Amino acid sequence: MKRRIVLLCVIILIVSGCASAATVEQWYGDEEDAIEMTMWSIAIEGDAFHAAHLRAIELFEENHPGVTVQFETFDNETYKTMIRLAVATNELSDVFFTWGGGFSKPFVTAGKVLDVTDFYEAYQAYLPLPMLDNVSFGGRIYGSVFTTSISMMFYNQRIFSEHNLQAPTTWEEWLMVCEALIDAGITPMSISGKETWVLAMLHDGLALLSAGPKQVQQVLSIGEKSYHSDAFLASAQMLRDLVEMGAFTRNAVRMSNADAVREFCNGETAMFITGSWAASSIWTDAKEPADFGVIPIPGPENGGIPRRDFMGGASDALMAFAYTEHPELSAIALFELTREISRYAYMDGAAIPAWKFDIDDYELNPLTKRMEEFVANADSFTPWFDTLLMAEDAEVYLSLLSELFMGMLTAEEFVIAMDAQLSQRR
């Protein structure tokens with residue numbers, strides 16, 4: 001038996017020779033009922049979002065008889081390299097995970113991403129348009145998001161209570177907490193120096209609180225100002241101060257993110273700065289989940305008023321390949337899959353949803369519920385540096401940050417090197 005399928009992918013070439021993104025108009029033709037779609041993701045087995053992806057795919061296949069989704073996962077760092085190569089060689093999967101902002105902009109500019117603007121209307125009641133800012137370019141929509149992820153400080157309330165410590169709200173209080181824990185023979189913080197995106201979560205948060213969201217955007221995204229400034233120098237020095245005082249595990253440079261999470265959940269350290277998705281691991285892996293709390297990253301105050309600016313936002317996204325054999329199905333898939341990943345990840349306590357849901361919060365992870373409150377009262381969201389920056393700049397940034405962490409660069413040398421890299425685009 002055959003179904004009627006409408007598949008016409010219109011690619012518009014700009015006179016300059018640069019391809020615009022593809023748009024779907026209408027399609028006609030016959031295909032066999034069985035359709036296999038491919039989907040790439042970084043939600044590897046053990047990842048906080050893995051189960052949500054599997055359930056979302058299962059539901060999508062149930063709602064679209066005859067469609068099978070071939071789901072392939074890759075680790076974070078490998079994927080960043082692989083997807084850029086796939087874009088260059090036109091070997092992308094039908095639907096693929098990506099990060100919004102500067103990371104995906106070159107893919108869109110090169111005409112490798114499907115324009116899904118016309119499909120958004122069917123979902124707009126449940127997905128507010130501002131949520132799609134990081135996947136919109138030139139007034140068109142090129143993807144859908146599933147979570148509002150933010151960098152947070154998770155902390156062990158039991159350890160804090162046993163040592164008469166309060167959760168820090170400023171940089172000075174944070175240093176005092178670290179000093180008290182070190183004096184008590186407790187390693188203050190977990191971190192992964194091996195996976196530099198985890199290290200960047202800490203540094204990005206400090207830089208945002210030091211410079212403010214406007215300056216971060218002016219320097220990293222727009223290129224109007226220099227990175228060599230007092231604010232970025234201060235945040236780099238803060239990271240060095242934490243390293244030099246012994247705030248991290250001694251083998252942090254070689255520690256993976258999974259090991260850092262495990263160390264923190266086991267109560268071996270008192271604090272961990274990472275993404276909001278860690279709430280799921282804490283709630284499922286920690287022996288006493290109720291021991292843990294979550295707060296915004298402490299940092300320099302804004303005229304005596306703590307900042308309510310967060311690194312993150314709705315950046316984790318699905319996009320579709322411009323040259324997929326199934327453009328309409330792929331466009332529908334990226335919206336339906338992100339909706340259900342958002343739902344299931346929220347129920348698992350792994351995410352603050354980008355989509356609107358009416359869900360009884362009786363069994364929801366209290367850490368996730370707490371972070372929802374922070375998101376609701378936030379002043380701004382700034383994409384993480386390695387997604388805000390262009391791909392080449394992001395690679396240099398993570399490399400320099402690793403050198404800063406290991407003491408191979410001083411804070412001054414770090415900001416000079418970053419400015420030299422970014423000045424090539426000014």
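The values are calculated or read from the model by the stated rules, or taken from the named source; none is laboratory data. For clarity, every value in this text was computed on a predicted model and none was experimentally measured. Ideal geometry is used to build each Cβ from the backbone, glycine not excepted, and the neighbour counts take in all protein chains shown.
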Tell me which of these S149 doesn't satisfy, since it passes every other one: (1) among the small types (G, A, S); (2) crowded, with 18+ Cβ neighbours inside 10 Å; (3) out of contact with any strand residue (DSSP E or B) (no Cβ under 7 Å at 6 or more places or on another chain).
(3)
Cβ pairs under 7 Å, 6+ apart, first in segment 265-277 and in the same structural domain as L175 (by TED's automatic domain parsing), second surrounded by fewer than 22 Cβ atoms within 10 Å (Cβ to Cβ) and in a loop (DSSP other than H, G, I, E, B):
C265/A286; A270/I186
Members of segment 234-282 that are assigned to a helix (DSSP H, G or I) and among the acidic types (D, E)
D241, E244, D259, E263
Here are some residues: S399, S330. Which one is more than 16 Å from the chain's Cα centre (by Cα) and not assigned by TED's automatic domain parsing to the domain that holds F96?
S399
Assess whether I295 counts as being buried (at least 22 other Cβ atoms within 10 Å of the Cβ), out of contact with any His (no Cβ under 9 Å at 6 or more places or on another chain) and among the β-branched types (V, I, T).
no
Does M189 qualify as being in a helix (DSSP H, G or I), of a type in the set (A, V, I, L, M) and out of contact with any Leu (no Cβ under 6 Å at 6 or more places or on another chain)?
no
Meets criteria (in contact with a His (Cβ under 9 Å, 6 or more places away or on another chain) and not acidic (D, E)) for A184
yes
Within segment 243-255, is there a residue that is in contact (Cβ under 8 Å) with a residue 12 or more places away in the chain and under 18 Å from F49 (Cα atoms)?
no
Can you name the residue in segment 205-233 that is free of Cβ contacts under 8 Å to residues at least 12 places away in the same chain and not in a loop (DSSP other than H, G, I, E, B) and, of all such residues, is farthest from the chain's Cα centre (by Cα)?
D230
Report whether or not K356 is within 23 Å of S280 (Cα to Cα), touching a Pro at 6+ places or on another chain (Cβ under 9 Å) and charged (D, E, K, R).
yes
Only one of these is under 16 Å from the mean Cα position of the chain (by Cα) and in the same structural domain as L334 (by TED's automatic domain parsing): E91, E77. Name it.
E77
Looking only at segment 154-197, and only at residues there that are of a type in the set (S, T, N, Q) and out of contact with any strand residue (DSSP E or B) (no Cβ under 7 Å at 6 or more places or on another chain), the one that is nearest to L400 (Cα to Cα)
T196
Restricting attention to segment 302-323, does a residue exist that is closer than 18 Å to M189 by Cβ and not aliphatic (A, V, I, L, M)?
no
Which ones in segment 310-341 are small (G, A, S) and either in a loop (DSSP other than H, G, I, E, B) or within 19 Å of M152 (Cα to Cα) (or both)?
G312, G313, A314, S315, A322
